[in-house]
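The values are calculated or read from the model by the stated rules, or taken from the named source; none is laboratory data. Since this is a predicted model, take the numbers as computed values, not measurements. For neighbour counting, all protein chains shown are included, and Cβ atoms are generated from backbone atoms with ideal geometry for every residue, glycine included. In case anyone asks, the SASA skips ligands and DNA or RNA and just uses the protein heavy atoms, side chains included. Shrake-Rupley method; radii C 1.70, N 1.55, O 1.52, S 1.80 Å.
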Amino acid sequence: MKNQICPSGLFVCFLFLVTFCLSIEAQTCKPSGNIKGRQPPPNQCNRENDSDCCADGKLYPIYKCSPRVTRRTKATLTLNSFQKGGDGGAPSECDNQYHSDDTPVVALSTGWYNHGNRCLNFINIHGNGKSVKAMVVDECDSTMGCDSDHDYQPPCANNIVDASKAVWEALGVPERDWGEMDIYWSDA
């Protein structure tokens, strides 16, 4: 007697596989809580690059995750100074160094930073019809903020690529438009 494959059984397996794949794709990164903003002490929040300072009593969402990384991960590009005295605050997390704003470097949101697994690796950033390769040197902390370690700035959103001026210049964005821009990025 020959073994026959039951078409209805095969169809049920196919439906299960499709449902499983769609449920994985539908998983999103949701806030893991909030932190309450505190008024920074006088002259303690660096407003370079139009950085925000925490507002006393305001609730800011925090994230331990970021959207899934793909070959074309959608993100928001923001502007940061990695130089000493810049709005980035402390030295970079990956190498405990400051970096020139003339060097294409970035900080990634906590989930994408992935406990430092992307440290000193390059990513490709695509925006404004151009692309640039930049080195990951820091974390844009999505889990904490509004304190001296974070220059009294709110926590980063979970989808941020915080970039030096060199990245913005390489993408050909006019300086008057620097600040926030939708981009795509991928591991290089």
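Among what's in the range 30-62 and is under 19 Å from the mean Cα position of the chain (by Cα) and closer than 20 Å to Ala163 by Cα, pick the residue that is modelled with the lowest pLDDT.
That would be Asn49.
Here are some conditions: (1) surrounded by fewer than 18 Cβ atoms within 10 Å (Cβ to Cβ); (2) more than 30 Å from Gly33 (Cβ to Cβ); (3) touching a strand residue (DSSP E or B) at 6+ places or on another chain (Cβ under 6 Å). Pro104 meets all but one. Which one does it not meet?
(1)
I'd like the full set of residues that are within 13 Å of Val69 (Cβ to Cβ), open to solvent by 40 Å² or more (accessible area, probe 1.4 Å) and in a helix (DSSP H, G or I), limited to the range 107-146.
Across the range 107-146, the qualifying residue is only Asn114.
When both residues are 6+ apart or on different chains and their Cβ atoms are under 9 Å apart, which pairs have a first residue that lies in the range 169-188 and is under 10 Å from Ala75 (Cα atoms), and a second that is assigned to a helix (DSSP H, G or I)?
Met181/Trp168; Trp185/Trp112
Within the set of pairs 6 or more residues apart or between chains, which connect a residue that is over 16 Å from Thr78 (Cβ atoms) inside the range 120-137 to a residue that is outside any strand (DSSP E or B) and open to solvent by 70 Å² or more (accessible area, probe 1.4 Å) with Cβ atoms less than 6 Å apart?
Phe122/Ala188; Asn124/Ala188; Lys133/Ala188
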